[in-house]
1. Checking D:Met16 against (1) in the same structural domain as D:Val278 (by TED's automatic domain parsing); (2) modelled with pLDDT under 95: exactly one of these is not met. Which one?
2. Which residues, counting only those in segment D:101-129, are among the hydroxyl-bearing types (Ser, Thr, Tyr) and in contact (Cβ under 8 Å) with a residue 60 or more places away in the chain?
3. Taking the condition of being within 14 Å of another protein chain (Cβ to nearest Cβ) and under 13 Å from D:Ala258 (Cα atoms), how many residues in segment D:278-292 meet it?
4. Checking D:Met303 against (1) within 13 Å of chain C (Cβ to nearest Cβ); (2) aliphatic (A, V, I, L, M); (3) surrounded by fewer than 24 Cβ atoms within 10 Å (Cβ to Cβ), only one condition comes out false. Which one?
5. Taking the criterion of being over 27 Å from D:His218 (Cα atoms), in contact with a Gly (Cβ under 7 Å, 6 or more places away or on another chain) and outside any loop (DSSP other than H, G, I, E, B), would at least one residue in segment D:18-31 satisfy it?
6. Going through segment C:222-231 one residue at a time, which ones are assigned to a loop (DSSP other than H, G, I, E, B) and among the hydrophobic types (A, V, I, L, M, F, W, C)?
7. So, in segment C:184-221, how many residues would count as being under 19 Å from the mean Cα position of the chain (by Cα), part of a loop (DSSP other than H, G, I, E, B) and aliphatic (A, V, I, L, M)?
8. Quick test for you: out of B:Leu102, B:Leu181, B:Leu142, B:Leu171, pick the one residue that is touching a helix residue (DSSP H, G or I) at 6+ places or on another chain (Cβ under 9 Å) and over 17 Å from C:Ala169 (Cα atoms).
There are 4 protein chains.
Amino acid sequence: MSLSLAETVAAIAADMAGRTERGKVATYIPELAGVDPGQFGIAVVDAEGTLTAAGDSETPFSIQSVSKVFTLTLALGKVGDTLWNRVGREPSGNAFNSITQLEYEKGIPRNPFINAGAIVVADAILAGHTPKVALGEILRFLRFIADDEDIHIDQKVARSEQDTGFRNAALANYLRAFGNLRAPVEQVLGVYFHHCAIAVTCRQLALAGRYLAFGGRHPTAGGRVVSAGRAKRINALMLTCGHYDGSGDFAFKVGIPAKSGVGGGILAVVPGKAAIAVWSPGLDAQGNSVLGSAALEILSQRMQWSVFGA
Amino acid sequence: MSLSLAETVAAIAADMAGRTERGKVATYIPELAGVDPGQFGIAVVDAEGTLTAAGDSETPFSIQSVSKVFTLTLALGKVGDTLWNRVGREPSGNAFNSITQLEYEKGIPRNPFINAGAIVVADAILAGHTPKVALGEILRFLRFIADDEDIHIDQKVARSEQDTGFRNAALANYLRAFGNLRAPVEQVLGVYFHHCAIAVTCRQLALAGRYLAFGGRHPTAGGRVVSAGRAKRINALMLTCGHYDGSGDFAFKVGIPAKSGVGGGILAVVPGKAAIAVWSPGLDAQGNSVLGSAALEILSQRMQWSVFGA
Amino acid sequence: MSLSLAETVAAIAADMAGRTERGKVATYIPELAGVDPGQFGIAVVDAEGTLTAAGDSETPFSIQSVSKVFTLTLALGKVGDTLWNRVGREPSGNAFNSITQLEYEKGIPRNPFINAGAIVVADAILAGHTPKVALGEILRFLRFIADDEDIHIDQKVARSEQDTGFRNAALANYLRAFGNLRAPVEQVLGVYFHHCAIAVTCRQLALAGRYLAFGGRHPTAGGRVVSAGRAKRINALMLTCGHYDGSGDFAFKVGIPAKSGVGGGILAVVPGKAAIAVWSPGLDAQGNSVLGSAALEILSQRMQWSVFGA
Amino acid sequence: MSLSLAETVAAIAADMAGRTERGKVATYIPELAGVDPGQFGIAVVDAEGTLTAAGDSETPFSIQSVSKVFTLTLALGKVGDTLWNRVGREPSGNAFNSITQLEYEKGIPRNPFINAGAIVVADAILAGHTPKVALGEILRFLRFIADDEDIHIDQKVARSEQDTGFRNAALANYLRAFGNLRAPVEQVLGVYFHHCAIAVTCRQLALAGRYLAFGGRHPTAGGRVVSAGRAKRINALMLTCGHYDGSGDFAFKVGIPAKSGVGGGILAVVPGKAAIAVWSPGLDAQGNSVLGSAALEILSQRMQWSVFGA
């Protein structure tokens, strides 16, 4: 009497539609504060390439920190493992925008998924080019892996972040003070704020995540996006560091590598089985989507997708 | 031309025997400081129950922090999920014996695998009994899951820890100051120091880990040690928190849930596939066995056992 | 129309008697929790040796951290400036019982007036003797400088501290872990808890402080307690570190070197002019006597006793 | 056989000229790195208004953080004690440019003499005006209290700071993120970098400090710069916070309220007796002038000027 994936996904969407505990929409980026919290979307791509979706899976939302998975992939492609001289691979044990860790560890961010780490990654992508060129590269990469030329940057969100992103500006200046940024601070922040402001739907995001689920390969275009080993290692980072200071708890409850963003989206990767995107704008205290996390917990259990055992 | 498990294990043991970079034997427990660093053992139990071993797999070593996996299992069996009111489930982002985190988070250790967390777990096992009764329970549990009545406590090591364990005494007193210990400090420390001083061989440790690899079941005695869900969640904790401030790196390189100890032992769990014990006394800067980690990295790669993808 | 010292002291006592904002009596030492907050005492000894007192100046109270001034004096007498290899001279910028600083600075307390520093000072006084001998020495010293053989230890308070002083036990074990204690932890804590449990009256405390106000000399016995230079430097430490994380504010408002204790007492020293003791059990958030601080602020202003200008 | 002030000052200058242990010139501001470390100047103004000087007392140097005393005075004149809602009055227990404290205490700098605090003070002076107007006001104030129209900003130093002041930019952005800056970050930094780049001689600086030594009054122009109470309280802040994490030690050794800068200058204030300026570019590990501190220690001792006793 086990349900099919399609039935499970539909049941989850129905369950979520009825929930009233939805957390709080992020308010620190003014442009995001107005998003309707009553939305939930889910999309799953399986090993056969079948897409199963439900809820608001076609509504674009702000990708925010989920983009850090893709910029990390790009930066590793450019500079290889030398990136790890500038960014660590350890969970942070701290809020996503903590500057204390950076002082204590002399300008080396603990991992590429906290803000400071992602800012270093943006600097590695810049690599002497203009912000425009770097952003073009990021967009092209995302469109390629998602098979979708429509993916774009929401300029209003980008501007809203730029006007209010003082903590990120503090982090970037601090990194620069330690010599861990090469491009001018404003250029790096420009790239960072804009790639966080990319708009995606659950469908687009799930498709974009396929290379991580399926050994680094691009299922439709053929060929490799990254090596199998690199896909595996990015998945490991998502599991240990993907949910800020809620990463341990997410691994404990859901057991699937995933990366969340304050826009309410989560990309989850079941190695060999599925790439998943969920979205719901209400966040918990750690900045992770309340319904998104709940949906992934149920999905993981029903499909026995935890990497830690059936 | 892929090698069998037996061939792979033998090759790894041969490889390790030739390595000269072996790290440093822990010196802060005087009784451990004299262990010969030139040793390496490995034992693997697969889903069929076959044991494959090589090197010094029959030499007893000090279990140290690997015991925290088993005391956690016991404590959860006693007090259930209420344990999580007293201990967190997040990676620590700090040294294993850091007291700063405890002050900042008001006496709630970040996870049960750092010392402070394991001391709370020991307190939960005590639960009104004498240290002798509590230690009896821990030993009986370990003998049961390892199918081996010979497992015992090395009293010399226990005494050595007790005489020099001032940091752990500081942690325990601090926990008590926050009301997060119930038994007297000396009793809790007594239990803690003694369960860390249990001596095991690689074979014994690999057998003891079977319930985590195989859905909570006891393969030979039959029946359940823990529910499948609990086994899965303990594995998740091992992956995110099992190697102190080297947990992220271990997940990145090896991709298998594992718990290390400063005795040089590591217990690793491949869900559905294998329970593994490796041992070599030389440690890296984070306190994890250098050869043990290297052996698991190779084994994971060769057998495609990473939980994050083939 | 400036008032005489006697008139000023009387006016302050009258003012304090009418105040209703009195802070909270310390509760973490059970034996102190029952003290009546409605008490206030003051005693001033001037350069002529005249004692001016008002309010509950003859009621004994628990000296607590004010004793650290006298143990510091004793320890400097024993080991001289080598003490500064084991304790710093900087304000702590932290709560009085913070253990974080100790971890960060590798077992060297920032100054002798925070608990960790005073525990090191107690160890320096022990110096191979028994706690009983060390405490005898401390009592004898205090009786000598106060010209009063009645000063004694309140054993109930000492026991109460010993039973509940887990934070101090944590600090002491931590110091021991860093090698910054020589005597056994329990012995050092025994000395520390007992010297904090000495009972004094305002009169006794003001008399005891004379050597600091008057160039290191003992006004009645004649001769020197310490050199003028040492008295001066202890005063400097009282000003920068005497009120925990309220030291800056106290210097700003009162401008007189002083040391407070959670029993509600404060010893203040006006170089060349007066030694002052005030007492009232209600504390502010930093652990300093509310009325005691207020009384000293008024006294300093009226008598133009601030060391920072008239 | 006590020497006169003039003889003492001359003897100190001669002593310093022969010293070889001179510390290191600050290198993090490139324009300062080239200053000749072999210089030493001293100037003292006494209660009669007599100026006694020796050494390189007429050589201009970069005022750096000593300017914070004067901007604090100005800001208090503008916004009064409401400034203390935005800045604390406690020693920092940390390096002068630590950002950790700011995170921990939610954007309220511990005191106005660490960089973050002085940046808030600069914002209070801006108060809706342009940086040019604010800087004009600061310069006018300094010229007035020093009776010297020649005091100016060294534009090269200002530019050098602006080009490399990434830590200060981080602090300012961080303060803005907490809502503790009102003017745009660049404007506040512009004011801050420029007032730190003012060039003064020892003579000018000693004259500028007279209002603090002599009850808030302007000895030559007549009238008050600030009230006697405010002068007293600024002196208290200088004593507890004037030398970064070396403030306690300076109080211990010298016992005079003083403020140092990384240009090697120190302004010291002996209430009722003297205003002193010393300068020598070599710094100790805490960023304070080595010879400047040594000179003040000797001067304090010889003249019995410690506020903590003769």
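1. Exception for D:Met16: condition (2).
2. Listed by number, the list is empty, since nothing qualifies.
3. 1
4. For D:Met303, the exception is condition (1).
5. Yes: one or more hits.
6. The answer is C:Val225, C:Val226.
7. 1
8. Working: B:Leu102 fails: over 17 Å from C:Ala169 (Cα atoms); B:Leu181 fails: over 17 Å from C:Ala169 (Cα atoms); B:Leu171 fails: over 17 Å from C:Ala169 (Cα atoms).
Every option except B:Leu142 fails the conditions.
The values are calculated or read from the model by the stated rules, or taken from the named source; none is laboratory data. Quick caveat: nothing in here was measured; it's all calculated off a predicted structure. Counting neighbours? That spans all protein chains shown, and the Cβs are built from the backbone with ideal geometry, glycine included.
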